[in-house]
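Enquirer: Let me give you the structure first, and then I'll get to my questions.
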Amino acid sequence: MSSVTIVGPGRMGLALATALSQSDHLSGVTVFGRHPDPPEHPVFAAEEVRYAFGMEEIAGDCIAVFLAVPDAAVPEVAHQVAVQGAAPDGCAAFHLSGALPTDVLAPLHAAGYTVGTFHPWIVVGRSSPRADAFVDARVSVTASLEATRIARDVASSVGAQVLTVPAARRPMSDAAVAMMSAYLPVMLDVVVPLFEEAGIPTEEVLPALLPLWRSVLLEVERAGVAETLATVLERTDPEAVGVHLRVLEGEDRRLYTWLGRRALTRAVAGLNQDERSALLSHFEKAFGE
């Protein structure tokens, strides 16, 4: 049985600690923090989880150290961990950033750690994370073979799966993850006021929209992105699009136009040529205004 160390009791660090505390494959989880007392969080009630103030020597049975700190703090924290002493045998060190290279972990590599990145593709809110938050999630990993093996073992223990991303392409992967996680709520922020303007009470908008969103995601899961896009476009009426463009204004109209043009250029099926031409005419005209 091995233990895991997490540096940083922030949202992602505590989410990972919560998930790991449920694992049958670990003897315990130590969380390092910079305040004398741990944050108020239910994970610290678990017998398997220990909070440590500041830094201390990494336990000899530790299999992985995770730097769950802001990107700007990773180099300094890597140095702070490295000066605690040589790495335990077979221990890997990871940062959780999707954008930083592994070079920032050089002090840990010099101390004997195998190093890599461990970037969970999940969103952690302000409330206490669920123990199953990582189940079926993907974790992008850029690491040596040995560190990748450890990352797979840790990910598997919380129900996640590893995606290996080449170092040179990690920024592109991170940008894509950021767009999916950040801009879906932005879309809600755009459309909720439109529903309110249409006379639908605010408290009824989200309960009405979430099942719609789930139905789209389920269709994507079943049929794929291209087929779902074709399915949606099949029921897109050119006259209705013209009406939409007349009632929308400003940034909302520009966003609607850009998304519509993008959908038409990406869809390979679902519309006959006349429908496609009529829709494209609407969008091109609006785009040029």
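Enquirer: Step by step: first the residues of the range 102-131, then only those that are touching a strand residue (DSSP E or B) at 6+ places or on another chain (Cβ under 6 Å) and in a loop (DSSP other than H, G, I, E, B), then the one that is farthest from Val7 (Cα to Cα). Which residue is that? Give the derivation first.
Expert: First pass over the range 102-131, keeping only residues touching a strand residue (DSSP E or B) at 6+ places or on another chain (Cβ under 6 Å): 102, 105, 108-109, 113-121.
Next, from what is left, pick out any that are in a loop (DSSP other than H, G, I, E, B): 113, 121.
Numbers: Tyr113: 15, Trp121: 19 Å.
My answer is Trp121.
Enquirer: So which residues in the range 21-33 are modelled with pLDDT under 95 and farther than 15 Å from Asp61 by Cα?
Expert: Across the range 21-33, the qualifying residues are Ser21, Gln22, Ser23, Asp24.
Enquirer: Hey, can you tell me all the residues within the range 221-244 that are in a helix (DSSP H, G or I), out of contact with any Asp or Glu (no Cβ under 6 Å at 6 or more places or on another chain) and open to solvent by less than 40 Å² (accessible area, probe 1.4 Å)? Even if it seems obvious, please write down each step before you answer.
Expert: The first filter runs over the range 221-244 and keeps only residues in a helix (DSSP H, G or I), leaving 221-223, 225-234, 238-244.
The next check asks that each one be out of contact with any Asp or Glu (no Cβ under 6 Å at 6 or more places or on another chain); those that pass are 221-223, 225-227, 229-234, 238-244.
Selection gives Ala223, Ala230, Leu233, Pro238, Ala240, Val241, Gly242.
Enquirer: Can I ask one more? I'm told Ala99 meets every condition in (1) aliphatic (A, V, I, L, M); (2) touching a Ser or Thr at 6+ places or on another chain (Cβ under 6 Å); (3) not in a helix (DSSP H, G or I) except one. Can you identify the failing condition by its number?
Expert: Result: Ala99 fails condition (2) only.
Enquirer: Applying the selection to the range 19-37, what residues are assigned to a loop (DSSP other than H, G, I, E, B) and more than 22 Å from Ile122 (Cβ to Cβ)? So that I can check it myself, show each step before the final result.
Expert: Quick first cut of the range 19-37, residues assigned to a loop (DSSP other than H, G, I, E, B) only: 22-25, 34-37.
Scanning the range 19-37 gives Arg34, His35, Pro36, Asp37.
Enquirer: Return only the number of the condition from (1) open to solvent by less than 100 Å² (accessible area, probe 1.4 Å); (2) in a helix (DSSP H, G or I) that Leu218 does not satisfy.
Expert: Unmet condition: (1).
Enquirer: Moving on. Pairs please, first residue from the range 39-55 and at positive phi and part of a loop (DSSP other than H, G, I, E, B), second anywhere and open to solvent by less than 40 Å² (accessible area, probe 1.4 Å) and of a type in the set (S, T, N, Q), Cβ atoms under 8 Å, 6+ apart in sequence or on different chains.
Expert: Final answer for the pair search is none.
Enquirer: Filter the range 3-20 down to the residues that are out of contact with any Leu (no Cβ under 9 Å at 6 or more places or on another chain) and open to solvent by less than 10 Å² (accessible area, probe 1.4 Å), then identify the one that is modelled with the highest pLDDT.
Expert: Within the range 3-20, the first condition is being out of contact with any Leu (no Cβ under 9 Å at 6 or more places or on another chain), and the residues that meet it are 5, 9-11, 14-15, 17-19.
Adding the requirement that they be open to solvent by less than 10 Å² (accessible area, probe 1.4 Å) leaves 5, 15, 17, 19.
Working: Thr5: 98, Ala15: 94, Ala17: 95, Ala19: 94.
Once the filter is applied, the top-ranked residue is Thr5.
Enquirer: Further, regarding this structure: Quick check on the range 101-121: of everything there that is aliphatic (A, V, I, L, M) and open to solvent by 40 Å² or more (accessible area, probe 1.4 Å), which residue is farthest from Leu67 (Cα to Cα)?
Expert: Ala110
Enquirer: Those residues that are of a type outside the set (Lys, Arg), surrounded by 15 or more Cβ atoms within 10 Å (Cβ to Cβ) and closer than 21 Å to Gly10 by Cβ, I need them from the range 129-156; list them, please.
Expert: The answer is Pro129, Ala131, Ala133, Phe134, Ala137, Val139, Ser140, Val141, Ala151, Val154, Ala155.
Let's see how each residue does on (1) surrounded by fewer than 23 Cβ atoms within 10 Å (Cβ to Cβ); (2) in contact with a Cys (Cβ under 8 Å, 6 or more places away or on another chain); (3) aromatic (Phe, Trp, Tyr):
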position: Met1; (1), (2), (3): yes, no, no
position: Val43; (1), (2), (3): no, no, no
position: Phe53; (1), (2), (3): yes, no, yes
position: Gly60; (1), (2), (3): yes, no, no
position: Phe66; (1), (2), (3): no, no, yes
position: Val83; (1), (2), (3): yes, no, no
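Enquirer: Quick check, is Val69 among the aliphatic types (A, V, I, L, M), under 30 Å from Ser173 (Cβ atoms) and touching a Leu at 6+ places or on another chain (Cβ under 6 Å)?
Expert: Numbers: among the aliphatic types (A, V, I, L, M): yes; under 30 Å from Ser173 (Cβ atoms): yes; touching a Leu at 6+ places or on another chain (Cβ under 6 Å): no.
Taking the combined requirement at face value, the residue does not satisfy it.
The values are calculated or read from the model by the stated rules, or taken from the named source; none is laboratory data. All figures in this text were calculated on a predicted structure; none of them were measured in a lab. Every residue, glycine as well, gets a Cβ built from its backbone with ideal geometry; the counts of neighbours run over all protein chains shown. For the accessible areas, the whole protein counts, side chains as well, though only heavy atoms, and no ligand, DNA or RNA atoms are used. Shrake-Rupley method; radii C 1.70, N 1.55, O 1.52, S 1.80 Å.
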